[in-house]
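Note sheet for the following structure.
The values are calculated or read from the model by the stated rules, or taken from the named source; none is laboratory data. Please read these numbers as outputs of a predicted model, since none were measured by experiment. Neighbour counts are summed over all protein chains in view; Cβ atoms, including those assigned to glycine, are modelled from backbone coordinates with ideal geometry. Please note that ligands, DNA and RNA were not included when accessible areas were found on the heavy atoms of the full protein model with its side chains. Shrake-Rupley method; radii C 1.70, N 1.55, O 1.52, S 1.80 Å.
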Amino acid sequence: MAPSSAGLLAGIPLQHLGGLAVAAVFLVAGWLLRVRDPVGLLLLATAGVHLGLAPGHASEPVLAALFVANAGAYLAVLGLRNVGWRRWRLAAGALLTATILAYLVVLAARREAPDPVGTLDKLIELTALGLVMLPRAGSRRRLRRVAASGATVVLTAVTGSALWLGGAVGAGHAHGVADCTPNHHGGFGAVLRPAPCAVTPEQQAAAQRLVEETRAGIAPYQDVRLALAAGYRPTAPFGPAVHYTNQRVADHGSPLDPRHPAALVYANTRHGAVLLGAMYQMPKVGQPGPDIGGAITPWHYHTNVCISLPGLFISGLSTPFGACPPGSVRITSADQLHVWTAPNPNGPFGDLDDAWARRLASS
Amino acid sequence: VSALRHVLLLVQAATAGLVALGPLLLALAERSPAALLLALVTGALACVPLAVAGGLAAGRGWARTLGFWYELILLLSGVANLVVLSNGDLVSLLCTVGLPLGLLWMLLHEPHKELTADSQELPRWRLEAGDRGGRRRTDPGG
């Protein structure tokens, strides 16, 4: 089932909601059992998250078993601390570090896409790790205090960067509509609209027709100067491709007019701009795009675009923690659909293959 | 829980530092001085929680004031994002509203005391002695 697209649980796959639920139960139980210190509550929360994630990963028995073992290890450390084991800090620190590193490895291997539950869990673990690294009460070890503080900052920055990068490159295991949309994935800030997995012959034909009509419609804009003359302006320069948006068309035009799409996408090569395709956009935020080719042509929208209030320009993308630069606000885009008329390896509706686009740009 | 406050300030500084990457990439891609300036300002602001954490650990009175105003601005901005723009997803809510709110509460209610990871493990007389010492250093009027 697709994750919710709005509200408190936005972006959380159904399979991960169990993690939040068990964490909440563990926190309440811990409170009733008089666990009141921050480290104890944080360890309980992360143990609950891992235990609650196991059932949602039943199709991957090794991963599910690791989740259960990890939760058990956290609870064991907590239990040993409560019976007076002196080395519990060392054990908790090692366990937290290993868990954070394991998650980063899973992200790097693209086995899992970062989601809000994973992000929240890493923040919990980083805070707990920061606490156990600090010297004991009453200690005068200033150097250790400074080193622990520095390590907390560096570890948080590295983990946050990995989450950001992981969200940008996506993953094969995405728990959502991406499971049945070929060469498409969501990720931080890019949310795919749900579409039925089964594609009818009529939908296939409609998708093919849209590609052909788009190719014919935007042919005059092979020369970027004509696009500029028609009112298209470069925006969103992230990655190897540059979007040229015509704001008048985006706001008031027909959303699926192949001769006047909301945006054109170019690769900046050494020999000038090369037209890669078009981007269609719905005129209003929250208005779902019309179904054309089902799972072949899923619409998407972005939730991580930062707009600077002074000057109204794109000032960046919000971090996995939802923050934008000062003076900027995070907005949600209208539904969008890219159609690649250039030979994108992921197909005319798939994600733009970054490596291919970079090779093209440097050619 | 002054250790918790300390660690949360460090985590906040690191996450705020990441924000600077967005305008920095934009500045490099577009060669835009405005984006570069924004990246520098964002990076500088990310250092504020670090300064507050360091200042509080060293018992400096200005750190509490600086932290108070910083967290208040973050909280107002987070609430505006939540109410006006409906950016109310779980992580965003916790990081842009919950974290500043929690830190504000800690800054307002928590007396200065020695930085400890588990102050509840200290005997009560040690905590009270720590509190008095902290207040003496940071609050001349007290």
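Worth pointing out:
- Mean Cβ count within 10 Å, highest first, over the residues of peptides A:63-75, B:37-49: B:37-49, A:63-75
- Accessible area, probe 1.4 Å, largest first, for residues A:GLU212, A:GLU202: A:GLU202, A:GLU212
- Value of D in µm² per second that Stokes-Einstein yields for segment A:241-353, Kirkwood Rh from Cα pairs, at 4 °C (1.567 mPa s): 85
- Look at the stretch A:112-124: the mean tally of other chain Cβ atoms within 10 Å of its residues' Cβ atoms is 2.
- FRET efficiency, A:ARG140 to A:ALA94 (Cβ-Cβ, R0 22 Å, nearest 0.05): 0.35
- Counting Cβ atoms of other protein chains within 10 Å of each residue's Cβ and taking the mean over peptide A:39-51 gives 1.
- Farthest towards the positive end of the charge dipole of the protein assembly as shown, among the residues A:THR97, A:PRO255, A:PRO348, is the Cα of A:THR97, using unit charges on the Cβ of Lys, Arg, Asp and Glu.
- Extension gain, A:LEU101-A:ALA230: 0.36 nm per intervening residue step, less the Cα-Cα distance, totals 41.4 nm.
- Estimated distance in nm for a label pair at A:GLN287 and A:ASP257, the labels positioned 7 Å out from Cα along Cα-to-Cβ: 1.3
- Note on segment A:303-363: Cα Rg divided by 2.2 N^0.38 Å, N the number of residues, gives 1.46.
- The spacing between segment A:307-363 and segment A:18-72, judged by their C-alpha centroids, is 35 Å.
- Summary of packing: across the peptides A:345-352, A:253-260, the per-residue average of other C-beta atoms within 10 Å ranks them, highest first, as A:345-352, A:253-260.
- Label separation (A:ALA24 vs A:ASN82): 2.3 nm, computed from points 7 Å beyond Cα along the C-beta direction.
- Residues A:LEU8 and B:LEU72, FRET efficiency given R0 of 22 Å [Cβ-Cβ distance, rounded to 0.05]: 0.40
- Once the Cα-Cα distance is subtracted from the 0.36 nm per residue extended length, the A:ALA147 to A:LEU165 segment shows a gain of 3.8 nm.
- Which of A:LEU163, A:SER318, A:GLY40, positive extreme of dipole for the protein assembly as shown (C-beta unit charges): A:GLY40
- For chain A, the longest principal axis of the Cα atoms and the long axis of helix A:142-169 meet at an angle of about 30 degrees.
- Average beta carbon contacts from partner chains per residue of A:159-165, 10 Å cutoff: 3
- Distance (nanometres) between label positions extended 7 Å along Cα→Cβ at A:ALA205 and B:VAL84: 5.0
- Restricting segment B:1-98 to trypsin sites (Lys or Arg not before Pro) that sit in a DSSP loop and have at most 14 other Cβ atoms within 10 Å of their own Cβ leaves B:ARG31.
- According to the Cα-based calculation, Rg over Rh for the protein assembly as shown is 1.02, with Rh computed by the Kirkwood formula.
- Dipole of the protein assembly as shown, positive direction: furthest Cα of A:GLY52, B:VAL79, B:TRP62, with charges on the beta-carbon: B:TRP62
- Residues of segment A:112-151 falling in the label zone of A:VAL62, defined by backbone nitrogen less than 20 Å from a point 7 Å along Cα to beta-carbon, are A:112-114.
- Basic side chains Lys and Arg get +1 at the Cβ, acidic Asp and Glu get -1 at the Cβ, and with that the dipole of chain A about its Cα centre reaches some 2000 debye.
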